[in-house]
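Nothing in this text is a laboratory measurement; each read-out follows from the coordinates by a stated rule. Fair warning: this is a prediction, and the values are worked out from it, not measured in the lab. Virtual Cβ from ideal backbone geometry, glycine too; neighbours counted across all protein chains shown.
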Amino acid sequence: MTDEHPDHANVIALPPLVYLAFFALGMGLNYVWPLAPLANGPRYPLGLALVAGGVLVIAKAIVQFRQAGTHLEPYKPTTALVTDGVFRWSRNPIYVALSLIYVGIGVIANNGWILILLVPVLIVIRYGVIAREERYCRFDWLPGVAEQGKPVGQ
């Protein structure tokens with residue numbers, strides 16, 4: 001690959017760090033201006049279910065990446081396109097899972113700021129990570145990306 005087209009996705013930051021940065025911002029905002037929108041009772045089982053669902057999806061995606069012999073890390077070259085399993089219902093199940101975990105922890109913590117900040121998190125993930133990954137993967141040397149993008153959601 002050339003300098004103009006690197007051999008990796010060239011994302012703005014590792015996706016878990018994006019979620020972590022906004023989580024820290026939400027914790028800081030909650031310290032200064034507490035925002036606790038949820039009742040105590042149902043928030044724990046709901047939050048735990050969201051976190052567990054996210055962890056399960058990430059675990060399945062990691063197994064699929066390993067079976068396909070490609071890298072999970074966006075700063076390493078993609079060597080295979082994974083389109084089955086959890087990637088059948090989303091091109092980006094790991095980011096969906098990270099969002100589930102992020103929201104689940106926000107619900108458990110009863111931190112409204114974390115929940116509000118999900119919107120900017122998703123904007124950064126969409127344009128700073130996903131768009132760059134898709135641009136990288138659309139090169140001719142990795143066939144099937146355009147077809148894969150049509151039948152499933154983000």
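Some observations on this one:
- Ranked list, fewest to most other Cβ atoms within 10 Å of each Cβ, for 102, 19: 19, 102
- For segment 54-132: rounded, prolate or oblate by the Cα gyration tensor [a/c cutoff 1.5]: prolate
- C-alpha center-to-center spacing [segment 37-57, segment 61-123] in angstrom: 17
- Sorting the segments 104-114, 45-55, 29-39 by their residues' average number of neighbouring beta-carbon atoms within 10 angstrom, most packed first, yields 104-114, 45-55, 29-39.
- On the basis of the beta-carbon distance and an R0 of 41 Å, residue 84 and residue 36 show a calculated FRET efficiency of 0.50.
- Global form of segment 2-109, assessed from the alpha-carbon gyration tensor, a/c cut-off 1.5: oblate
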